[in-house]
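The values are calculated or read from the model by the stated rules, or taken from the named source; none is laboratory data. None of the values given here were measured: they were computed from a predicted structure. Neighbour counts run over all protein chains shown; Cβ positions are idealised from the backbone, glycine included.
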Amino acid sequence: MASNSLRIAIVGGGLAGLAAAMKIAEAGHEVDLISVVPVKRSHSVCAQGGINGAVNTKGEGDSPAKHLDDTVYGGDFLANQPPVKRMCDMAPEIIYLFDRMGVPFSRTKEGLMDFRRFGGTLHHRTAFSGASTGQQLLYALDEQVRRWETEGKVNKYEGWEMLSLVLDDHQVCRGLVAMNLQTLKLKSFAADAVIMATGGPGLIFGKSTNSMTCTGSATSACYQQGARYANGEFIQVHPTSIPGEDKLRLMSESARGEGGRVWVPRDPQDARVPKEIPDAERWYFLEEKYPAYGNLVPRDIATREIFQVCLEGHGVGGENQVYLDLTHIPADVLTERLGAILEIYEMFVGDDPRYVPMRIFPGVHYSMGGLWVDFEQRTNIPGLFAAGECDYSIHGANRLGANSLVSCVYGGFTAAPSAIEYARNVERGSTETNGIHDSELKKQQAINDGIIANEGGENQYKLHEEMGKIMTDNVTVVRYNDRLKATDEKLLELQDRFKNISINDSNLWATQAVPHARQLSNMLSLARVITLGALNRNESRGAHYKPDFPERDDENFMKTTVAEYSEEAPVFSYEPVDVSLVEPRKRDYSSGKKKG
Amino acid sequence: MSTNAHHEKKRLTNPPATIKFKIQRCEKEGSPKYWETFELQYRRNLNVISALMEIRKNPVTIEGKTTTPPVWDMSCLEQVCGICTMVIDGTVRQSCSALVDDLLLASGGNTVILEPMSKFPNVRDLKVDRSKMFDHLKQVNAWIELDGTYDLGPGPHIPNEIAQDRYALSRCMTCGCCLEACPQYGDDNYIGPQAIAQARLFNMHPTGKITAEDRLNGLLGEDGITNCGNAQNCIKVCPMNLPLTKAIYETNRDITIDAIFGWLKK
């Protein structure tokens, strides 16, 4: 088959999807790029602090091997190590590529790229563009893909939501069905291969740091059609977010990377304004407990410490909040290096963090779990690939700050050649004519028709709130088996009530009601995978913490959780983790890193 | 962005018991527009998006009539994706960062008025179609011409001052505020500030300079840069504080220089 006739569909236009699109277009193939929002508005814009790559420009003896060690150690030895190594090896070249694309990275006096420190490492390894690095990197890829669009290699379908895969009789992926979010019309996209790059499922928790597009709906659809979902129970709760009515806004780790200090008044009822509380009467609890890493311990640890301090009544004013203090750093330095995030705080809270310590609390942020993929980003469904937050590889039980952007690009850059290779060799047969696309379209249309016709009276937005609340209460920082069981029962109840929703919108043109209903149904399925995965894992590792099982248990649980869909409940199995490169050792951030 | 001495923010001290949201409705592009008003109990920390979410949950107007839920776009809710832009109390801005307390403080009343942007096709209610803006980016080749994505080492040395100036332009989120406020923009007669600023962003880059002429050429047509009437509304409404008028000035200058030397080259 002529190589220039390959057509690959990519679902999701964030960093991972655009990275894959660029590589496929460059290789001379055609891309259908499907995205719920214009790709320039994807959730990658929210990433703030930076992108990791061991370039060792600061004479610290950094290397990709150390990046690998920090990543798998920070991930508490749940990640298969070979792909992590490949990512860390590729990271410097990824960063340099973005430099060539014109990303306005912050610079040193010599005019080289500058690097800052981030959590879980002792090295300056994080390239940054002010405090809106994700936005800048996304724009760079958006620009390159737009260039390919003008050359006819990339066809964008913005404002389309994927509903399902098109699978043939042998469970081979032959394309997908998506819905136009204005007309609600469905269309099938025939493809030689499909790459999922749809990001995380934060909206399952109601309020999170995620964008409103991060429902996990499309990945859940793949799971329900037979794709394996791995390590779902590993949900990162970011230590520092700004609580809000509509979402929890991220306060980047770069605030601590630039010297920000976390503290509470020693007396929680201390009514003085923070600057009038002398140092001796402040409790810098992270620095006290972790002298080597201080405020830059990995996120899971910082989150638990902040959570615990508040639980024990030491939060500021006795409430669920601690100070994140930058006021000791000169205002102009803060403006240059962190301006974007300080503006976000000031805009939404009204205090200027250059002069007043911020009040922050942990918030759901990232899913380490996702679609199961092999080391070439292939899912278990032939023809289906995954990259970025929606795949489970790389981060293990906890993701290090500034590793998400690099893992997205690595995933996209690996999935693209992998998909091309597959597409070149796949038997096409007569799939375009044998009716599988039509029958999947009909099936999906019937689901929409059912939702539209339903008049059961349940309010879908209220169901979403109930799901978010119970998931946040029971399946985040601290987990107990009885509460996890109760959560699953509640999810079953919500699934039942979902059958009786009314969409309450008689105007179907551009309605949000039908898409949200589809998303909610998919979120409920994925919520069960997360909850039951957590229930089954009786240990504590990375972001997954059970007070009743406080230790890591390598013998029983140094294993990847794999969930497969069945109508009753997810079916779980466990796979060994490839730890062939870095021997597992106990995590201890209280002193400099110990070698195994 | 300000490094001036710290000012305490003025806060709403005497909030009303309820707030009204007067929303311009439109069923579909081309359909007649009409108004509906909804009332919510006052609570602290409400932004326009959370108010809309509350209304969507239970869309009943102030007259007690059950209606269709208002439709609007939202995504990041941190004023960095640009999607939720609308006209709020007469000013174009993002609805996520429009805090109800601040709006009430500014208006002195208890009603917030929401309208869609007027310079773009109105899809439904508060949702508009800004795909034109992305076409404009194509028109000015708003990208660096890469040889390829292979490992060719780092890019050129760049002084931090240039990087910072470029960063300021690179924060544009294609929200459309500048076009909504621009008296010249409309009916395809003017490409507008956003695309000019993006052309400038790449023309400032050492590699981008090599193909600067291609970008400038995109601004020489009938809808080009000469349509700027220097009203300077764009910089007043840009939520990311882009130096738009400076970018227009510098691009104009480059076009003039290019015209002179381009002629000499011939």
Return yes when B:ARG93 is at the interface with chain A (Cβ under 10 Å from one of its Cβ atoms), under 27 Å from A:THR209 (Cβ atoms), surrounded by 15 or more Cβ atoms within 10 Å (Cβ to Cβ) and of a type in the set (Lys, Arg) and no when it is not.
-> no
Of the conditions (1) out of contact with any Gly (no Cβ under 6 Å at 6 or more places or on another chain); (2) within 10 Å of chain B (Cβ to nearest Cβ); (3) of a type outside the set (Lys, Arg); (4) touching a residue at least 40 places away in the same chain (Cβ under 8 Å), A:LEU181 fails just one. Which one is it?
-> (1)
Leading residue by the ranking (farthest from A:LEU296 (Cα to Cα)) among those in segment A:101-156 that are touching a Pro at 6+ places or on another chain (Cβ under 6 Å) and at the interface with another protein chain (Cβ under 10 Å from one of its Cβ atoms) | A:GLY111
Is there any pair with a first residue in segment A:137-153 that is assigned by TED's automatic domain parsing to the domain that holds A:ALA25 and free of Cβ contacts under 8 Å to residues at least 12 places away in the same chain and a second that is crowded, with 21+ Cβ neighbours inside 10 Å and in a helix (DSSP H, G or I) whose Cβ atoms are under 7 Å apart and which are 6 or more apart or on different chains, and what are they?
-> A:ARG146/B:LEU137
In segment B:100-114, residues that are surrounded by fewer than 18 Cβ atoms within 10 Å (Cβ to Cβ) and in contact with a Leu (Cβ under 6 Å, 6 or more places away or on another chain) total 1
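From B:SER131, B:SER107, B:SER118, grab the single residue that is more than 11 Å from every other protein chain (Cβ to nearest Cβ), small (Gly, Ala, Ser) and within 15 Å of the chain's Cα centre (by Cα).
The conditions single out B:SER118.
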Identify, from the list B:THR207, B:THR211, B:THR226, the residue that is closer than 23 Å to A:ALA19 by Cα and β-branched (Val, Ile, Thr).
-> B:THR207
Of the residues A:ARG272, A:ARG256, A:ARG261, A:ARG228, which single one is crowded, with 24+ Cβ neighbours inside 10 Å and either without any contact (Cβ under 8 Å) to a residue 60 or more places away in the chain or not hydrophobic (A, V, I, L, M, F, W, C) (or both)?
-> A:ARG256
Is at least one residue of segment A:532-552 at pLDDT 95 or above, closer than 18 Å to A:ILE470 by Cα, touching a helix residue (DSSP H, G or I) at 6+ places or on another chain (Cβ under 8 Å) and charged (D, E, K, R)?
-> yes
Out of the residues in segment A:31-45 that are β-branched (Val, Ile, Thr) and either under 18 Å from A:SER252 (Cβ atoms) or within 10 Å of chain B (Cβ to nearest Cβ) (or both), which is surrounded by the most Cβ atoms within 10 Å (Cβ to Cβ)?
-> A:VAL36
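Condition (residue is hydroxyl-bearing (Ser, Thr, Tyr) and either more than 15 Å from A:ASP142 (Cα to Cα) or away from chain B (no Cβ under 14 Å) (or both)) applied to segment A:46-65: is it met by at least one residue?
Among the residues of segment A:46-65, at least one is hydroxyl-bearing (Ser, Thr, Tyr) and either more than 15 Å from A:ASP142 (Cα to Cα) or away from chain B (no Cβ under 14 Å) (or both), which makes the answer yes.
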In segment B:55-74, anything surrounded by 15 or more Cβ atoms within 10 Å (Cβ to Cβ) and either within 9 Å of chain A (Cβ to nearest Cβ) or part of a loop (DSSP other than H, G, I, E, B) (or both) is listed as B:ARG56, B:LYS57, B:PRO59, B:THR61, B:THR67, B:THR68, B:PRO69, B:PRO70, B:VAL71, B:TRP72, B:ASP73, B:MET74
Identify the residue in segment A:446-467 that is more than 14 Å from chain B (Cβ to nearest Cβ) and outside any helix (DSSP H, G or I) and, among all such residues, is nearest to A:THR487 (Cα to Cα).
-> A:GLY456
Restricting segment B:134-157 to residues that are within 30 Å of A:THR414 (Cα to Cα) and among the β-branched types (Val, Ile, Thr), which is nearest to the chain's Cα centre (by Cα)?
-> B:ILE144
Segment B:138-150 - residue that is surrounded by 12 or more Cβ atoms within 10 Å (Cβ to Cβ) and of a type outside the set (S, T, N, Q) and, of those, farthest from the other protein chains (Cβ to nearest Cβ) | B:VAL140
Looking at segment A:468-489, which of its residues are outside any helix (DSSP H, G or I) and either among the aliphatic types (A, V, I, L, M) or in contact with a Gly (Cβ under 8 Å, 6 or more places away or on another chain) (or both)?
-> A:VAL475, A:VAL477, A:VAL478
For segment B:159-211, name all the residues that are among the small types (Gly, Ala, Ser), more than 11 Å from chain A (Cβ to nearest Cβ) and within 20 Å of B:ILE255 (Cβ to Cβ).
-> B:GLY192, B:ALA195, B:ALA197, B:ALA199
